[in-house]
Amino acid sequence: SFYFLDLCPKAAVQENFDAARYLGKWYDIQRLPNSFQKGECCTATYSLKSPGVIGVMNQELLADGTINSISGSAWAKDASEPAKLLVSFFEFSPPASYWVLSTDYDNYSLVYSCTDLGVAHVEFAWIMSRQPTLSEETLEDLHSTLMSIGVKVEKLLTTNQDPALCSAM
């Protein structure tokens, strides 16, 4: 009998991805819901750990006023596809995909992660900015890219990056 396999889409990634230009701080603007981000004011900071290995530090402000941080590492699985990264936060957990679909390095980044679970897939997406805000025009462009690979953009959550709230960071 025929059954439909709901597999990860084939997504085009950023050409000639330059990890060195990607380093530094990014602000989370919108994301697909996930179980591991619970706060607001979310940021991701990337640094060069060692040749070919990027250090990742994610931070968020929780409702009780504490700052939650998690650190990990990212690396390209294949040097010929530098925008297709793997990221790992825990020593023994399997790494997750971190694909940079689109970035201009100075303003925005669109990141997509998908894992096939046999008959279904689990996906994550983040729209990030070098500033706590991002223009409506850029958001619409990035939404179009996500829609083209089947992501339901109406599910995206907007992160609160209000300066007064986030000053604790």
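The values are calculated or read from the model by the stated rules, or taken from the named source; none is laboratory data. Worth saying up front: this structure is predicted, and the values here are computed from it rather than measured. Because the Cβ atoms are built from the backbone with ideal geometry, glycine has one as well, and the counts that use them run over all protein chains shown. The protein model used for the area step is the full one, side chains on, heavy atoms only, and it has no ligands, DNA or RNA in it. Shrake-Rupley method; radii C 1.70, N 1.55, O 1.52, S 1.80 Å.
Dipole of the range 49-169 computed with +1 at Lys/Arg Cβ and -1 at Asp/Glu Cβ about the Cα centre; of LEU142, TYR105, PRO82, farthest Cα towards the positive end is PRO82. Starting from the Cα of PHE90, move 7 Å in the Cα-to-Cβ direction to define the label point; list residues of the range 48-77 whose amide nitrogen is under 16 Å from there. Correct set: 69-73. Surface analysis of the chain yields an accessible area of 57 Å² per residue, using protein heavy atoms and a 1.4 Å probe. Listed as lacking a disulfide-compatible partner in the chain: CYS42, by the criterion of no other cysteine Cβ under 4.7 Å. A convex hull fitted around the alpha carbon atoms of the range 3-158 yields 130 Å³ per residue. Computed from the alpha carbon atoms alone, the convex hull of the range 69-110 holds 91 Å³ per residue. Using the rule -39500 (n - 2.57) for each DSSP H run of four or more residues, divided by the residues of the chain, the 222 nm mean residue ellipticity is -3000 deg cm²/dmol.
Per atom type, the range 20-169 shows carbon and sulfur on 57% of its accessible surface, probed at 1.4 Å. Pair-distance distribution of the range 73-142: all C-alpha pairs, bin width 5 Å, starting at 0; shares per bin in whole percent are 3, 15, 20, 22, 18, 12, 6, 2, 0. Legend: residues TRP75, TRP126, TRP26, sorted from most to least accessible area (1.4 Å probe; ligands, DNA and RNA excluded), read TRP75, TRP126, TRP26.
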